[in-house]
Amino acid sequence: MAKKDAPPRWDRKMQQRLARGEAAALGELYDRFASLVHGLAHRVLGDERAADGITRDVFVHVWEHPESYDPKQGPLRSWLATLTHRLAVQRLRATETAALARSSGGTTEELERRVRRASVAARADYIVQSMPTPLRAALELAYFQRRDYRQTAADLGVTEDEARRRLRLGLQLLSTAHDAGAPGAPPGYGGAA
């Protein structure tokens, strides 16, 4: 059994390959995580072109600074999501600050509220995409198809108790998105930037 704090083998190997300058490693990393990075950036920025730029910036950063990922701190996926979130929020703040300066119609507090909302939404998207398939399936049935727990149980072929458990756990995981985006929440692999 692996040590609890040992990072997944793939993450360690990928970091080592990137540190050696293996271009194929960057391609493999891109293929595996580009949709996650782009989706998070798009959720924060609401702009396809800006999300493309953030996606490029994230992978350029990984290529130029592979040592900045510390496998002991958490999974590579979480590190990429945190890096994406931080860069997207920085871009959003810069864009919004410039727009506020031009128009003088908004306040700094309004900008911070908008950034926090975007941050929470991006974190929620990441949580849903990262949760186990049974939890995600239950939430999708309940939210998008407006199924109650009984209908969800029938659709998934599980007991009603199991459907309630999945929905409850999924909602508990989602509630952490708001906590992580709250002012004063600690930054880190799973927190707000």
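Residues that are open to solvent by less than 60 Å² (accessible area, probe 1.4 Å), under 18 Å from V44 (Cα atoms) and modelled with pLDDT under 90, at least 2 per element: which helices (runs of 4 or more DSSP H) completely within region 101-193 meet that?
Result: 108-130, 160-181.
Filter region 25-49 for residues that are without any contact (Cβ under 8 Å) to a residue 12 or more places away in the chain and either open to solvent by 40 Å² or more (accessible area, probe 1.4 Å) or out of contact with any helix residue (DSSP H, G or I) (no Cβ under 8 Å at 6 or more places or on another chain) (or both) and give the result.
Listed by number, the residues that qualify are G27, D31, R32, S35, H42, D47, E48, R49.
Which ones in region 50-83 are crowded, with 18+ Cβ neighbours inside 10 Å and polar (S, T, N, Q)?
Result: T55, T82.
Being modelled with pLDDT under 95, within 21 Å of the chain's Cα centre (by Cα) and outside any helix (DSSP H, G or I), is that true of even one residue in region 8-30?
yes
The values are calculated or read from the model by the stated rules, or taken from the named source; none is laboratory data. Computed from a predicted structure; not experimentally measured. Reconstructed Cβ throughout: ideal geometry from the backbone, glycine too, with neighbour counts over all protein chains shown. Note: areas computed on protein heavy atoms with side chains; ligands, DNA, RNA excluded. Shrake-Rupley method; radii C 1.70, N 1.55, O 1.52, S 1.80 Å.
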